[in-house]
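Bear in mind these aren't lab numbers, they're just calculated from the coordinates by the rules spelled out. Bear in mind that the values here come from a model prediction, so they are computed numbers and not experimental data. Cβ sites come from the backbone with ideal geometry, for glycine too, and all protein chains shown count toward neighbours.
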Amino acid sequence: MSKKIYFKTFGCRTNLYDSQVMKSSLQGYEITEKEEEADVVVINSCTVTNGADSNVRSYISKLEKSGAPKIYLTGCGAHTKGEQLLKEGRVAGVFGQSEKQKINKLLEKPEGFYEIGDLEFVDDSVVGEFIGKSRAFIKIQEGCNFRCSYCIIPYVRGNARSLDESKIIEQISRLAANGFGEFILTGTNLGSYGVDTKSSLAKLLKKISYVRGVRRIRLGSIEPIQVTDEFKELLDEPWLEKHLHIALQHTSPKMLRLMNRRNVYKQDKELFAFLREKGFAIGTDFITGHPGESEELWQEAMQNAKELHLTHLHAFTYSKRDGTPSATMKPQVDGKTAKKRLHEIEALVKEKNYAFRKALKSPLQVLIETKKEGYYVGYDQFFNQIKVQSNIDLVGNWLEIEDYEVKEEANYANFEA
Ligand code: SF4
């Protein structure tokens with residue numbers, strides 16, 4: 001009987017993608033979704049904050065108590081904590097993300113190993129299917145050339161490298177032939193695609209749109225300066241989702257400088273106004289409670305955020321990561337204040353999202369992803385959730401919905417066959 005293996009993925013979409021690659025490369029194991037029955041557990045870890053590191057440690061402790069499967073560690077945490085965990089005998093082996101396609105060989109090793117691989121590595125794996133999902137995540141680049149003060153990612157994922165264009169197209173063509181219509185492009189710093197290959201995100205997008213079966217392209221997070229003139233020319237294309245996630249991280253000019261961000265609030269404001277004119281919904285990332293965020297700067301940031309066209313938000317309270325410039329910055333902001341600010345900005349964007357949905361005039365193009373609590377649940381072109389009641393199975397279907405009810409938490413509709 002083959003051994004059962006469980007993949008535990010922490011962190012971001014890049015890790016989700018890497019876990020998918022490992023699963024596709026694996027042979028001779030049965031992949032299980034139940035960690036309690038696994039003989040082997042591969043932890044694809046995240047190290048983005050000190051908290052993320054301790055999550056991985058406590059997960060290992062939990063496994064150790066539960067019957068001790070063989071544990072392997074990969075992902076970003078392999079670089080920062082792997083050696084130590086191996087030394088302590090808590091994991092059977094450690095490997096970097098560049099080694100993921102060799103997973104079979106690595107798991108066969110009789111002794112402990114530390115194969116951290118290469119930070120210059122460029123992925124060339126092609127994932128054929130994302131089981132159980134109607135949309136596929138496609139990694140197009142790896143690494144980041146930015147050096148935001150609070151972020152450890154460039155040190156564990158390396159500088160920006162683009163994946164080979166023909167591999168990306170091959171991967172998407174394969175998935176589109178398997179019935180996938182929506183593609184979500186991801187990467188550590190997605191918008192820097194092409195800086196090392198004399199190409200660009202816009203050029204790649206155009207090529208992807210030519211692939212037969214590609215219906216909608218959604219982008220992970222991009223940076224304001226990556227919305228170039230070339231990119232702006234694509235904004236009216238029907239295959240581009242009418243929602244962009246543009247990472248600001250803050251809206252106080254002084255905080256942006258402290259965080260060593262490359263965006264400038266005045267320009268961000270102009271860009272968001274331009275995108276609003278084009279009918280886009282816009283999401284952003286935001287960190288509250290970074291060192292130096294005084295009450296005065298926070299009030300300024302909130303005032304600025306009120307003026308911005310924002311419909312979605314991915315906000316976090318600042319979490320210290322040793323080894324980054326922010327970790328030693330002063331004055332620090334206490335956790336309670338950071339959380340209060342987080343709730344404040346979340347409430348603001350929730351309100352803005354509701355207002356945006358109420359004011360919409362265009363029909364919704366929806367891809368139904370799953371069924372939950374009696375509703376078929378999907379997302380429209382503005383990345384808003386819709387819950388549909390129907391007498392037929394809608395999972396995986398595209399719908400055009402004109403009649404729907406806008407409620408604060410989501411949109412609702414009925415669909416009768
Ligand atoms: S853009 Fe900044 S926050 Fe994002 S990965 Fe690069 S350094 Fe980290």
At most 11 other Cβ atoms within 10 Å and a DSSP loop assignment: could you name the trypsin sites (Lys or Arg not before Pro) in the range 189-270 that fit?
-> K198, R212
Can you list which of the GluC sites (Glu not before Pro) found in the range 71-114 are DSSP loop residues with at most 13 other C-beta atoms within 10 Å?
-> E88, E111
For the chain, give the share of DSSP beta bridges that are antiparallel, in percent and rounded to the nearest 5; count only bridges with both residues there.
-> 25 percent
Cα-Cα over 28 Å: which of K87/K167; K34/K242; K203/K371; K3/K100?
-> K87/K167; K34/K242; K203/K371
By residue number, which cysteines of the chain lack any other Cys whose Cβ falls under 4.7 Å from their Cβ?
-> C12, C46, C76, C144
When the Debye formula is applied to the Cα atoms of the range 93-195, each taken as the same point scatterer, what base-10 log of I(q)/I(0) results at q = 0.17 Å⁻¹?
-> -0.90
Would you please classify the overall shape of the range 3-115 from the alpha carbon gyration tensor, given that a ≥ b ≥ c denote the square roots of the eigenvalues, rounded means a/c under 1.5, and beyond that prolate means a/b larger than b/c while oblate covers the rest?
-> rounded
Distance in Å, no decimals, from the C-alpha centre of the range 4-25 to the one of the range 303-371 is 27 Å
Cα-Cα separations in the range 364-415 greater than 14 Å, expressed as whole percent = 40 percent
Percent antiparallel among DSSP beta bridges (both partners in the range 364-415, rounded to 5) = 75 percent
If one builds a Gaussian network model of the chain from Cα atoms under 10 Å apart, the most fluctuating residue listed among I225, I217, I43 is I225
Quick one: what are the phi-derived ³J(HN,Hα) couplings along the range 359-376, Karplus 6.51/-1.76/1.60 with θ = phi - 60°, whole Hz, x for glycine and proline?
-> 7, 5, 10, 7, x, 9, 9, 10, 10, 7, 9, 7, 10, 9, 6, x, 10, 8
Per the range 151-249, sqrt(5λ) over the Cα gyration tensor eigenvalues, sorted largest first, in Å, gives 22, 16, 13
Tell me the trypsin sites (Lys or Arg not before Pro) within the range 1-60 that lie in a loop according to DSSP and have at most 16 other beta-carbon atoms within 10 Å.
-> K34
Selection from F137, S166, L219 lying farthest towards where the dipole of the range 122-241 points positive, charges on Cβ = F137
Assigning unit charges at the beta carbon (Lys, Arg +1; Asp, Glu -1) and nothing else, what dipole magnitude in debye, to the nearest 20, does the chain show about its Cα centre?
-> 540 debye
Scaled to the compact-protein estimate 2.2 N^0.38 Å, what is the alpha-carbon radius of gyration of the chain, rounded to two decimal places?
-> 1.01
Beta bridges per DSSP with both ends in the range 86-242, % antiparallel, nearest 5 = 15 percent
Quick one: check the C-alpha center-to-center distance for the range 61-121 versus the range 139-182, whole angstrom.
-> 23 Å
Build a GNM of the chain with springs between Cα atoms under 10 Å: which of N397, N44, N159 gets the top mean-square fluctuation?
-> N397
